[in-house]
1. With every protein chain kept in place and ligands, DNA and RNA left out, what is the accessible area per residue of the stretch 50-181? Probe 1.4 Å, answer in Å².
2. Which FRET efficiency value, to the nearest 0.05, do you get for residue 187 and residue 167 by plugging their Cβ-Cβ distance into 1/(1 + (r/R0)^6) with R0 = 30 Å?
3. How large is the direction-averaged shadow of the alpha-carbon convex hull of the stretch 50-181, in nm²?
4. Applying the Karplus parametrisation 6.51 cos²θ - 1.76 cosθ + 1.60 with θ = phi - 60° to the phi angles of the stretch 111-117, what ³J(HN,Hα) value in whole Hz is obtained for each residue in order, glycine and proline being reported as x?
5. Spin-label point model (7 Å from Cα, Cβ direction): what's the residue 138 to residue 174 distance in nm?
Amino acid sequence: MSQAPPTPPPMSAIELRDEARDSTTSSQATASNSPGSVAVPLQSPAAQDIYQQVFPQLSDLAEERNFIGIINIAELHDLNGSHDKSHTRLLLIAPLVLAYMVLDDLTPAHHALARLPENVSLHPLSHALAALLASVSERQYENTYARAQELFRMSQQSDFPDPRLGNTLALMVNDFVDEFRRRTFALVSRAFACLQVIEAQRLLGLGQKEVLSIANDNRWLYDSANDVLRPANNFLPGLVASKPGPPSSRMTFDLVANSVAASEV
């Protein structure tokens with residue numbers, strides 16, 4: 001009995017591609033039918049988990065400065081997400097934490113980071129968020145501005161995992177710094193009858209020129225001889241001296257800040 005001539009090996013690119021495809025299909029079928037094997041469902045490269053699906057909404061809300069909307073959507077889907085150990089969870093957690101910080105609601109921001117699994121909490125972005133939140137909570141004003149800048153720079157690096165997330169974080173970090181500085185300025189206005197310029201620079205994270213410009217816009221008086229600022233409206237004159245003294249320490253400011261906070265309860 002004569003035998004058919006052997007099939008020549010594939011030579012063209014199309015033939016090579018078809019052979020590789022046929023070989024892969026045959027191997028998968030064999031593996032799925034092997035005793036004790038576990039069939040693993042194949043996921044399309046275009047498939048996205050819930051965090052990736054929801055993130056565009058959060059990004060749009062960030063552009064609208066709708067921080068309540070970010071919190072509501074992120075909390076809902078984070079608490080109900082099924083891939084809680086995926087690093088894509090940071091697509092929700094990072095905007096959520098920053099939204100809470102913009103609104104000066106620090107306790108739920110801490111809770112959001114605390115519920116991350118260990119593998120996600122060790123991510124550099126998680127560390128950067130936790131460091132910034134710690135500085136704000138501890139009223140480390142200079143560190144707050146420095147760590148906000150670090151987070152901003154991280155989000156703009158060329159190797160940042162998700163460019164759109166990077167742009168969203170940069171936008172929200174700027175919003176946070178603006179709000180943090182505004183609240184600090186308002187507190188200083190209420191807490192001090194006078195404040196040396198160098199201390200105002202530390203508390204506001206700005207240079208002398210910027211501090212004097214803001215002070216002038218808010219009708220503060222500048223005593224150039226003593227390099228002292230005097231707020232136009234002082235609501236708590238009994239808490240501080242009415243004459244210029246040495247630069248206020250952070251401990252002094254924290255004492256006054258606590259007094260202001262207690263008066264607002």
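The values are calculated or read from the model by the stated rules, or taken from the named source; none is laboratory data. Treat the numbers as computed from the prediction; the structure is a model and nothing was measured. A quick note on method: Cβ atoms are made from the backbone with ideal geometry, for glycine too, and the neighbour counts reach across all protein chains shown. Surface areas here come from the heavy atoms of the whole protein model, side chains and all, with no ligands, DNA or RNA. Shrake-Rupley method; radii C 1.70, N 1.55, O 1.52, S 1.80 Å.
1. 46
2. Numbers: r = 31 Å, r/R0 = 1.03.
The formula returns an efficiency of 0.45 here.
3. Numbers: hull surface 27.4 nm².
Approximately 6.8 nm², given one-decimal rounding.
4. Result, ordered by residue: 4, 4, 6, 5, 8, 6, x Hz.
5. A separation of 2.9 nm, rounded to one decimal place.
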